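Comments concern the structure below.
The values are calculated or read from the model by the stated rules, or taken from the named source; none is laboratory data. Since this is a predicted model, take the numbers as computed values, not measurements. Here the Cβ is made from the backbone with ideal geometry for all residues, glycine too, and neighbour counts use every protein chain on show.
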Amino acid sequence: MLGCSTTVPLRQKFPTAPDNLLIPADNLTPPDTNKRSLTDMLENVNENYGKYYDLQQKYNTWIEWYNSNKKISDGVK
Amino acid sequence: MWFLNFIPTELLQLAIHGVVALGVILSLAGAFASRIAFIGQYGIAAKVLGSVLLLLGVFFEGGYGVEMSYRLRTQQLQAEIATAEKKSDDLQKALSVKSKQKTIIIKEKVAENAKDIEANRIVINNGCTISDDAWMFYNRAVAPKVSDSTR
């Protein structure tokens, strides 16, 4: 009866995520219809590959964030 | 019994020990009171009251033990949660710095590559033209594949 009396709020706050991971992903940049040379295409490919690799590293950071926070949270018993 | 949380531990312990002690004293006094003149008539009442207080005191002693074990467990959990929150906060800061650095490196490499492409524009193009069909397919490849409802 007395043992059930605790009213102390025991709650772990939700972990904060890095702010740069909360920005929605941008679309790939479409090629400029007025510039149709091979270099223009290469520049567009270069830009879009850059976007991909940035998203890849952000995605991998999310995985690391989740796994690490899960480990920390599981440690509270 | 939620109000027990607001009573200081020392005061609670003292009160419970006091009830037990009072119960013992009254029970003993009641047992001997019948042999003493003038107060002999109160012997039974003292015994009954002493027994009730003793029983209540023992009950509360047990409850106090449970309450203390819960308070200790609560303190341990609060400490663990505080440590976990600190770890999580440190992790968030470290990951944020690492990810931002990677973004900077990627942007630098993209810019460097774009500069090199521009510098070699004449050599690369070298009379090469891209057909309308090739542009159309390339455009299609770049276009979003699913509608974006998350934004």
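When every residue of the range B:2-17 is checked against the conditions, at least one turns out to be under 30 Å from A:D74 (Cβ atoms) and surrounded by 12 or more Cβ atoms within 10 Å (Cβ to Cβ). In the range B:127-137, is there at least one residue being among the β-branched types (V, I, T), part of a loop (DSSP other than H, G, I, E, B) and more than 30 Å from A:T61 (Cα to Cα)? Looking through the range B:127-137, at least one residue is among the β-branched types (V, I, T), part of a loop (DSSP other than H, G, I, E, B) and more than 30 Å from A:T61 (Cα to Cα).
Scan the range B:44-53 and tell me whether some residue there is at the interface with chain A (Cβ under 7 Å from one of its Cβ atoms) and surrounded by 13 or more Cβ atoms within 10 Å (Cβ to Cβ). Give the steps one after another, and end with the answer.
Narrowing the range B:44-53 to residues at the interface with chain A (Cβ under 7 Å from one of its Cβ atoms): none.
Within the range B:44-53, none of the residues are at the interface with chain A (Cβ under 7 Å from one of its Cβ atoms) and surrounded by 13 or more Cβ atoms within 10 Å (Cβ to Cβ).
Kindly provide the set of residues from the range B:99-126 that are at pLDDT below 90 and part of a helix (DSSP H, G or I), ordered by number. Within the range B:99-126, none qualify. Determine whether the range A:37-49 contains at least one residue that is within 8 Å of chain B (Cβ to nearest Cβ) and either outside any helix (DSSP H, G or I) or under 18 Å from B:S96 (Cβ atoms) (or both). Within the range A:37-49, one or more residues are within 8 Å of chain B (Cβ to nearest Cβ) and either outside any helix (DSSP H, G or I) or under 18 Å from B:S96 (Cβ atoms) (or both).
In summary, B:G65 fulfils each of the numbered conditions (1) modelled with pLDDT of 90 or more; (2) over 22 Å from the mean Cα position of the chain (by Cα) with the single exception of condition (1).
Restricting the search to the range B:78-101, which residues are hydrophobic (A, V, I, L, M, F, W, C) and surrounded by fewer than 16 Cβ atoms within 10 Å (Cβ to Cβ)? Give the derivation first.
Going residue by residue through the range B:78-101, those that are hydrophobic (A, V, I, L, M, F, W, C) are B:79, B:81-82, B:84, B:91, B:94-95, B:97.
Passing the criteria: B:A79, B:A82, B:A94, B:V97.
Of the residues that make up the range B:89-108, is at least one among the hydroxyl-bearing types (S, T, Y), over 30 Å from A:D54 (Cα atoms) and at the interface with chain A (Cβ under 10 Å from one of its Cβ atoms)? No, the range B:89-108 contains no residue that is among the hydroxyl-bearing types (S, T, Y), over 30 Å from A:D54 (Cα atoms) and at the interface with chain A (Cβ under 10 Å from one of its Cβ atoms). Total residues in the range B:74-88 satisfying the condition of being under 12 Å from A:S73 (Cβ atoms) and more than 7 Å from chain A (Cβ to nearest Cβ): the figure is 1. Applying the condition of being touching a residue at least 24 places away in the same chain (Cβ under 8 Å) and either loosely packed, with under 15 Cβ neighbours inside 10 Å or more than 7 Å from chain B (Cβ to nearest Cβ) (or both) to the range A:10-35 and asking which residue is nearest to A:S68 (Cα to Cα) yields A:A25. One residue is enough: does the range A:52-60 have a residue meeting the conditions in a helix (DSSP H, G or I), at the interface with another protein chain (Cβ under 9 Å from one of its Cβ atoms) and touching a Cys at 6+ places or on another chain (Cβ under 9 Å)? The answer is no; no qualifying residue exists.
Can you find a residue that is under 30 Å from A:Y66 (Cα atoms) and either charged (D, E, K, R) or more than 8 Å from every other protein chain (Cβ to nearest Cβ) (or both) anywhere in the range B:123-144? The answer is no, given that none of the residues of the range B:123-144 is under 30 Å from A:Y66 (Cα atoms) and either charged (D, E, K, R) or more than 8 Å from every other protein chain (Cβ to nearest Cβ) (or both). Picking from residues in the range B:68-88 that are among the hydrophobic types (A, V, I, L, M, F, W, C) and within 27 Å of B:L14 (Cα to Cα), the one that is modelled with the lowest pLDDT is B:M68. Look at (1) at the interface with chain A (Cβ under 9 Å from one of its Cβ atoms); (2) surrounded by fewer than 14 Cβ atoms within 10 Å (Cβ to Cβ); (3) not hydrophobic (A, V, I, L, M, F, W, C) and you find that B:G63 fails only one, number (2).
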